[in-house]
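K.L.:
Sharing a structure with you now.
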Amino acid sequence: MTDTTALIAGATGLVGGHLLNSLLASPRYKRVIALTRKPLAQTHEKLSNVVIDFDNLEADVAKAKLSVDDAYCALGTTIKKAGSQEAFRLVDYDYETAFARAAQKAGATRLALVSSVGANAKSSIFYTRVKGETENAIRDMGFSTFQVFQPGVLLGTRGEARPAEQLAISLTPLLNLGLQGPMQKYRGISAETVARSMVAVMEADAPSATHRYREMVAAAHF
């Protein structure tokens, strides 16, 4: 085990829950600090839980006087769940960029981000445009390593029901068969695979890159 500390935001989400477990199991990290709105029920000898107000994220992290090496951002919502485009942007742009700034001030030089397939700051689609803007904003912060993970439909059990998404998930095995070549990046992928790939890529000290379906599956099963 190295004397390295990871900071994670989004540990209670679909990818984040698996990510937290992967970080705790990783020999790379001696300590894992999870930023959450409410105390985690989970306990572990390597886990430190810091409860913050995400609307005041940077100030709260500064008050905690954290010292970290690597940062993992698995924050995210949907427009439907958030209730409006403005509320969606608050989480997927404002919170995520605030987390990156706070992590950098706490010493992080490497950051891994869960984004979305199709992310593009010039997209005409609001969702993928915000994702692209977030990627660009964090990239411009100058982390020595910035790993971006762009999954398609995320497979896994969520705490809340999303009927449309559940339908898409049920059709994923069939749809994946039809997504070949350049379209392979749109394949559905398990949240656990995304999480495992994030930790594997960071453990390997790989250069900055954008990881899509094929790269994530390969990294997770290396």
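A short reminder: the numbers here are calculations on the coordinates, not readings from a lab. Model, not experiment: these values are computed from the prediction. Cβ: placed from backbone, ideal geometry, glycine included. Neighbour counts: every protein chain shown.
K.L.:
Taking +1 at the Cβ of each Lys and Arg and -1 at the Cβ of each Asp and Glu, which of A82, G13, T193 sits farthest along the dipole of the chain towards its positive end, judged by Cα position relative to the Cα centre?
P.N.:
Positive-most Cα among the choices belongs to T193.
K.L.:
To continue, here is another question. Using packing as a proxy for protection, rank 112-121, 54-63, 34-43, 132-141 so that the peptide with the highest average count of other Cβ atoms within 10 Å comes first.
P.N.:
Details: 112-121: 20.5, 54-63: 15.4, 34-43: 13.5, 132-141: 17.7.
Ranking the peptides 112-121, 54-63, 34-43, 132-141 by packing returns 112-121, 132-141, 54-63, 34-43.
K.L.:
Can you compute the charge dipole magnitude of the chain about its Cα centre, using +1 on each Lys and Arg Cβ and -1 on each Asp and Glu Cβ, nothing else charged? Give it in debye, rounded to the nearest 20.
P.N.:
Working: 25 positive and 21 negative charges, 60 e Å.
That gives the chain a dipole magnitude of about 280 debye.
K.L.:
What does the charge count near S208 come to, summing +1 for each Lys or Arg and -1 for each Asp or Glu among other residues with Cβ under 12 Å from its Cβ?
P.N.:
0
K.L.:
So what's the back-of-envelope 222 nm ellipticity for the chain, counting only DSSP H runs of four-plus at -39500 (n - 2.57) apiece and dividing by all residues, rounded to 500?
P.N.:
Details: 9 runs with 90 residues, N = 222.
Taking each H run of at least 4 residues, the total per residue is -12000 deg cm²/dmol.
K.L.:
Nearest 10 degrees is fine. How inclined is helix 14-25 to the longest principal axis of the chain, computing both from alpha carbons?
P.N.:
It works out to around 50 degrees.
K.L.:
Could you give the dipole magnitude of the range 1-119 about its Cα centre, charging the beta-carbon of Lys and Arg +1 and that of Asp and Glu -1, in debye to the nearest 20? Could the numbers behind the result be given before it?
P.N.:
Working: 14 positive and 12 negative charges, 43 e Å.
Value, rounded to 20: 200 debye.
K.L.:
Note the angle between two axes, namely the Cα long axis of helix 96-105 and the longest principal axis of the Cα atoms of the chain, as a number of degrees from 0 to 90, rounded to the nearest 10.
P.N.:
Orientation of helix 96-105: about 30 degrees from the principal axis.
K.L.:
Roughly what angle does helix 126-139 make with the longest principal axis of the chain, taking Cα atoms, 0 to 90 degrees, to the nearest 10?
P.N.:
40 degrees
K.L.:
Consider a paramagnetic label point 7 Å from the Cα of V153 along Cα→Cβ; state which residues of the range 1-22 have an amide N under 14 Å from it.
P.N.:
Those under the cut-off are none; the list is empty.
K.L.:
Taking amide H positions as placed in the peptide plane 1.01 Å from N, state which residues far from V68 in sequence (5 or more) or on other chains have amide H under 5 Å from it.
P.N.:
G107, A108
K.L.:
Sum up the charges of everything whose Cβ sits under 15 Å from the Cβ of Q85, counting Lys and Arg as +1 and Asp and Glu as -1, but leave Q85 out.
P.N.:
Values: positive: K80, K81, R89, R129, K131; negative: E86, D92, D94, E133.
With Lys, Arg at +1 and Asp, Glu at -1, the net is +1.
K.L.:
Let me ask another. Using 0.36 nm per residue of separation minus the Cα-Cα distance, give me the extension gain between D140 and K105 in nm, one decimal. Present the calculation step by step, with values, prior to reporting the outcome.
P.N.:
Details: separation 35, 0.36 × 35 = 12.60 nm, distance 1.48 nm.
Extra length available between D140 and K105 comes to 11.1 nm.
K.L.:
What is the count of Lys pairs in the chain whose alpha carbons sit under 17 Å apart, if the two are 8 or more places apart or on different chains? List each step's numbers first, then the result.
P.N.:
Values: K30/K46; K63/K105; K65/K105; K80/K131; K81/K131; K122/K131; K131/K185.
Lysine pairs satisfying the spacing and distance rule in the chain number 7.
K.L.:
If you line up the Cα atoms of the chain on their principal axes, what length do they span on each, largest first, in Å?
P.N.:
Extents along the principal axes: 48, 39, 35 Å.
K.L.:
Something else about it: Suppose each label sits 7 Å from its Cα in the direction of the beta carbon; what would the A121-D94 distance come out to in nanometres?
P.N.:
Simple spin-label model gives 2.0 nm for this pair.
K.L.:
Amide H to amide H, which residues 5 or more places from R187 or on other chains are under 5 Å from it, using H placed in the peptide plane?
P.N.:
Under 5 Å from the amide H of R187: no residue qualifies.
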